[in-house]
2 protein chains.
Amino acid sequence: MLRILGIDPGSRCTGIGVIDCSAGQAHCVHYRTIRTVAGSFPQRIGEIFSEISATAAQFRPHRVAVEKVFVNNNAESSLKLGHARGAAVCAIVQAGLEVAEYSPNAVKKALVGRGHADKAQVEHMVKVLLNLQDKIPPDAADALAVALCDQHHTETSQRLAQIAS
Amino acid sequence: MLRILGIDPGSRCTGIGVIDCSAGQAHCVHYRTIRTVAGSFPQRIGEIFSEISATAAQFRPHRVAVEKVFVNNNAESSLKLGHARGAAVCAIVQAGLEVAEYSPNAVKKALVGRGHADKAQVEHMVKVLLNLQDKIPPDAADALAVALCDQHHTETSQRLAQIAS
């Protein structure tokens, strides 16, 4: 069994999703949105670090996947997002885990089969692949999507290694 | 005695400076540049966190000051800088300390008296105020400058509070 933690960092909302994978199947262990809206900006950044550290300690994932950031033209929001993502990455590295990074297009391609799928299609595939009935908050769905993308890549690499050996 | 840690974060070079202040005087306790050039980007971000955590544990500052980032037009470099700054901020918040933030202009104004002083003038004033003879690496000089700016603001606030009471 392989346990993957997916993270979708943001300065106000950080999505978290934990999946267990085995024999090409995945099931959802946990998902939630960390909301960091109270306190100063440094306090909010510190809270993302604490929450991700606590999540890594509680669920003890084998792998961690984080979505690569889409850099838009707004340098101010890129800077804020960088802080949030830096906090998440620090928490993972401090937990002794490596960070696998996937571009938004790689996530879409792994889940829907096309790099330019829309958000609703990705969310739909997250629910189908994990057999979830309830509506999932968007940030948590993005976190589960990047975890599923990592499952896809890890299993593909394993199969290729088996064929090569 | 008031001990202040100043930090100038960057994704490749992070400057650190520690000063002790008493009766309007300051002296330099420590300065150095943390170079994070080896390893993956997440590893480098994790290293900034570890190094700043270790510095806070070793020198036990009363206050921590970080320069506010000048947002340029390059969203990509703003994002990278955000990661580095997020790592530094996390380390400080985790150490139970608050972060005082100063804009580059506030630092220049506190040290040189004008918000648009050039880098050489700021470095010169850092050496004069701390009575340092040697050439200081630019990132470490910037870290000492933001610590001296925090000293200036803290002592001014204390004087104003004394006058008001």
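The values are calculated or read from the model by the stated rules, or taken from the named source; none is laboratory data. Please read these numbers as outputs of a predicted model, since none were measured by experiment. Ideal geometry is used to build each Cβ from the backbone, glycine not excepted, and the neighbour counts take in all protein chains shown. Heads up: the accessible areas ignore ligands, DNA and RNA and are worked out on the full protein's heavy atoms, side chains in. Shrake-Rupley method; radii C 1.70, N 1.55, O 1.52, S 1.80 Å.
The residues listed here are A:His27, A:His83; of these, the one that is over 16 Å from the mean Cα position of the chain (by Cα) and either on the phi < 0 side of the Ramachandran plot or not in a strand (DSSP E or B) (or both) is A:His83. Within segment B:87-131, the set of residues being open to solvent by 40 Å² or more (accessible area, probe 1.4 Å), in contact (Cβ under 8 Å) with a residue 40 or more places away in the chain and assigned to a loop (DSSP other than H, G, I, E, B) comprises B:Ala95, B:Asn131.
All conditions in (1) away from every other protein chain (no Cβ under 13 Å); (2) closer than 25 Å to A:Ser53 by Cα; (3) in contact (Cβ under 8 Å) with a residue 12 or more places away in the chain hold for B:Thr36, with the sole exception of (1).
Among the criteria (1) in contact with a Cys (Cβ under 9 Å, 6 or more places away or on another chain); (2) more than 20 Å from A:Ser11 (Cβ to Cβ), the one B:Cys90 does not fulfil is (2). The residue of segment A:68-80 that is surrounded by the most Cβ atoms within 10 Å (Cβ to Cβ), among those that are at the interface with chain B (Cβ under 9 Å from one of its Cβ atoms) and assigned to a loop (DSSP other than H, G, I, E, B), is A:Val69. Taken together, B:Cys13, B:Cys21 contain a single residue that is open to solvent by 20 Å² or more (accessible area, probe 1.4 Å) and either closer than 23 Å to A:Ala91 by Cβ or not basic (Lys, Arg) (or both), which is B:Cys13.
Kindly indicate whether B:Gly46 is under 25 Å from A:Val93 (Cβ atoms), touching a residue at least 24 places away in the same chain (Cβ under 8 Å) and within 14 Å of the chain's Cα centre (by Cα). No.
Conditions (1) polar (S, T, N, Q); (2) in contact with a strand residue (DSSP E or B) (Cβ under 7 Å, 6 or more places away or on another chain); (3) within 26 Å of A:Ser11 (Cα to Cα), marked per residue:
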site	(1), (2), (3)
A:Lys127	no, no, yes
A:Leu132	no, yes, no
A:Pro137	no, yes, yes
A:Ala140	no, yes, yes
A:Leu144	no, yes, yes
A:Ala147	no, yes, yes
A:Asp150	no, yes, yes
A:Gln158	yes, no, no
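Selection over segment B:50-67 of residues that are more than 10 Å from chain A (Cβ to nearest Cβ) and either at pLDDT below 95 or not in a helix (DSSP H, G or I) (or both) gives a count of 6. Evaluating B:Gly10 against the criteria (1) over 16 Å from B:Pro138 (Cα atoms); (2) within 18 Å of the chain's Cα centre (by Cα); (3) not in a strand (DSSP E or B) leaves one unmet condition, (1).
Examine segment B:33-49 for a residue that is in contact with a Gly (Cβ under 7 Å, 6 or more places away or on another chain), assigned to a helix (DSSP H, G or I) and either closer than 22 Å to A:Gly96 by Cβ or open to solvent by 20 Å² or more (accessible area, probe 1.4 Å) (or both), and state whether such a residue exists. Checked segment B:33-49: at least one residue is in contact with a Gly (Cβ under 7 Å, 6 or more places away or on another chain), assigned to a helix (DSSP H, G or I) and either closer than 22 Å to A:Gly96 by Cβ or open to solvent by 20 Å² or more (accessible area, probe 1.4 Å) (or both).
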